[in-house]
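*Asks:* One structure, pasted below without further comment.
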Amino acid sequence: MDLEYFKEWVFKEFKIDLKAYKPNQLHRRILSLMSRVGVGTVEEYIELLKKDKDQRQKFLDFITINVSEFFRNPEIFNDLRNKIKTELLPKNKNLKIWSAACSIGAEPYSIAMILDEIAPTGRHSILATDIDNTILERAKRGCYADSEIKNVSNEQINKYFKKKEDFYEIDSKIKSMVTFKKQDLILDRYDTGFDLIVCRNVVIYFNADIKDKIYKKFSESLKKDGLLFVGATESIYNYKDFGFEKASTFIYRKI
Ligand SMILES: C[S@@+](CC[C@H](N)C(=O)[O-])C[C@H]1O[C@@H](n2cnc3c(N)ncnc32)[C@H](O)[C@@H]1O
């Protein structure tokens, strides 16, 4: 099975660098996807992807894994809320925040809700980026199923969501606090001057070299004393190498 050839084809066709992903996990996922659509070889799979638009989208969805929810790991989000309140806001009334690999928008909208609750008068900017255009369109629409808002309190649901027939739509005020943009964490340049970068549940798919490059670039993109918030399985053991100190279990402070 020539997966290296497949990776090169994917890069030419989709501009996605699969070499940056952890190989074992990625290969397992590609093989399982191929068997699901009933093709036996990489060559056949490429032919299918060339001509079938639906399969192309399925492949991209499968590779990009965009499961997300509001306040994912609520107890850790509470920790973030405290850090925003006690560390970031006393130094700066208007925060510049980046939710990197934001998927359906649940993450940047969770942060916008926190800011509306604890610092409603600030002129905050929240940039939310992802590699996947389709998911960004969904994020902009801001419509969510029950399961995606299960960690949102009733009080917040009443304040920040409109109940529609079988989904909940996020309030336009919260929507307007977030700017969505397509961006690839591996290939594209990063903006700078952030008080907070939130990047959760994406670097777990990348190899160690790419992960290190991303953390170095995050560090360069943060202001001094800015915070990096990572996922619940993504502790950074070599954080000192990137000029960070530990602010709490899943939050790092740029020195
Ligand atoms: C599991 S979701 C994480 C969503 C959210 N951060 C959370 O923790 O709930 C992973 C997201 O990473 C995005 N992604 C994958 N590779 C990426 C890359 N190279 N650059 C930017 N985003 C990427 C996917 O499209 C997907 O939406």
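The values are calculated or read from the model by the stated rules, or taken from the named source; none is laboratory data. Bear in mind the structure is a predicted one, so any value in this text is a computation, not a measurement. Note that we place each Cβ from the backbone using ideal geometry, even for glycine, and neighbour counts take in every protein chain shown. Side chains are part of the model used for accessible areas, which takes the heavy atoms of the whole protein and leaves out ligands, DNA and RNA. Shrake-Rupley method; radii C 1.70, N 1.55, O 1.52, S 1.80 Å.
*Asks:* Do you know which of the residues in the stretch 82-100 that are surrounded by 17 or more Cβ atoms within 10 Å (Cβ to Cβ) and out of contact with any Gly (no Cβ under 9 Å at 6 or more places or on another chain) is nearest to Arg200 (Cα to Cα)?
*Replies:* Step by step, filter the stretch 82-100, then rank; the result is Ala100.
*Asks:* Go through the residues of the stretch 237-249 one by one and say whether even a single one is within 16 Å of the ligand (Cβ to nearest atom) and under 22 Å from Ala20 (Cβ atoms).
*Replies:* no
*Asks:* Could you list, in sequence order, all residues of the stretch 6-18 that are surrounded by fewer than 15 Cβ atoms within 10 Å (Cβ to Cβ) and at pLDDT below 90?
*Replies:* Lys15
*Asks:* So, Arg138, is that one basic (Lys, Arg) and either open to solvent by less than 30 Å² (accessible area, probe 1.4 Å) or within 28 Å of Asp225 (Cα to Cα) (or both) or not?
*Replies:* Judged against the criteria, Arg138 is not a match.
*Asks:* Something else now. Anything in the stretch 158-196 that is open to solvent by less than 30 Å² (accessible area, probe 1.4 Å) and assigned to a helix (DSSP H, G or I)? List them, or say none.
*Replies:* The answer is Tyr160, Ile174.
*Asks:* Same structure, new question: I'd like to verify a number: residues in the stretch 143-168 that are touching a Phe, Trp or Tyr at 6+ places or on another chain (Cβ under 7 Å), small (Gly, Ala, Ser) and closer than 17 Å to Ile111 by Cβ, how many?
*Replies:* 0
*Asks:* Any residue in the stretch 80-106 that is in contact (Cβ under 8 Å) with a residue 24 or more places away in the chain and farther than 28 Å from Ile65 by Cα sitting within a Cβ distance under 8 Å of a residue that is assigned to a helix (DSSP H, G or I) and more than 16 Å from the ligand (Cβ to nearest atom)? List the pairs, counting only those 6 or more apart or interchain.
*Replies:* Hits for this filter: Ile84/Leu115; Ile84/Ile118; Lys85/Ile118; Leu89/Ile118; Leu95/Ile84; Leu95/Leu88; Leu95/Leu115.
*Asks:* Here are the criteria: (1) more than 22 Å from Ile84 (Cβ to Cβ); (2) touching a Lys or Arg at 6+ places or on another chain (Cβ under 9 Å); (3) of a type outside the set (Val, Ile, Thr); (4) surrounded by fewer than 18 Cβ atoms within 10 Å (Cβ to Cβ). Tell me which single one Lys224 does not satisfy.
*Replies:* In the conditions (1) more than 22 Å from Ile84 (Cβ to Cβ); (2) touching a Lys or Arg at 6+ places or on another chain (Cβ under 9 Å); (3) of a type outside the set (Val, Ile, Thr); (4) surrounded by fewer than 18 Cβ atoms within 10 Å (Cβ to Cβ), Lys224 misses (1) alone.
*Asks:* Here is a follow-up. Given (1) outside any strand (DSSP E or B); (2) surrounded by fewer than 18 Cβ atoms within 10 Å (Cβ to Cβ), identify the lone condition not met by Glu107.
*Replies:* (2)
*Asks:* If you take the residues in the stretch 126-143 that are near the ligand (Cβ under 9 Å from one of its atoms) and charged (D, E, K, R), which one is nearest to Ala100 (Cα to Cα)?
*Replies:* Going through the qualifying residues, I end up with Asp130.
*Asks:* Among the numbered criteria (1) open to solvent by less than 80 Å² (accessible area, probe 1.4 Å); (2) over 26 Å from Leu136 (Cα atoms), which single criterion is violated by Asn24?
*Replies:* (1)
*Asks:* Cβ-Cβ under 8 Å, sequence separation 6+ or interchain: first residue in the stretch 196-216 and over 24 Å from Phe71 (Cβ atoms) and within 9 Å of the ligand (Cβ to nearest atom), partner modelled with pLDDT of 95 or more and open to solvent by less than 30 Å² (accessible area, probe 1.4 Å). Which pairs?
*Replies:* The qualifying pairs are Phe206/Ile214.
*Asks:* Of Arg36, Arg29, which residue is out of contact with any Phe, Trp or Tyr (no Cβ under 6 Å at 6 or more places or on another chain), more than 16 Å from the ligand (Cβ to nearest atom), of a type in the set (Lys, Arg) and modelled with pLDDT under 90?
*Replies:* That would be Arg36, the only listed residue that is out of contact with any Phe, Trp or Tyr (no Cβ under 6 Å at 6 or more places or on another chain), more than 16 Å from the ligand (Cβ to nearest atom), of a type in the set (Lys, Arg) and modelled with pLDDT under 90.
*Asks:* Can I ask one more? Can you spot a residue in the stretch 99-119 that is away from the ligand (no atom under 16 Å from the Cβ) and of a type in the set (Gly, Ala, Ser)?
*Replies:* Yes, the stretch 99-119 contains a residue that is away from the ligand (no atom under 16 Å from the Cβ) and of a type in the set (Gly, Ala, Ser).
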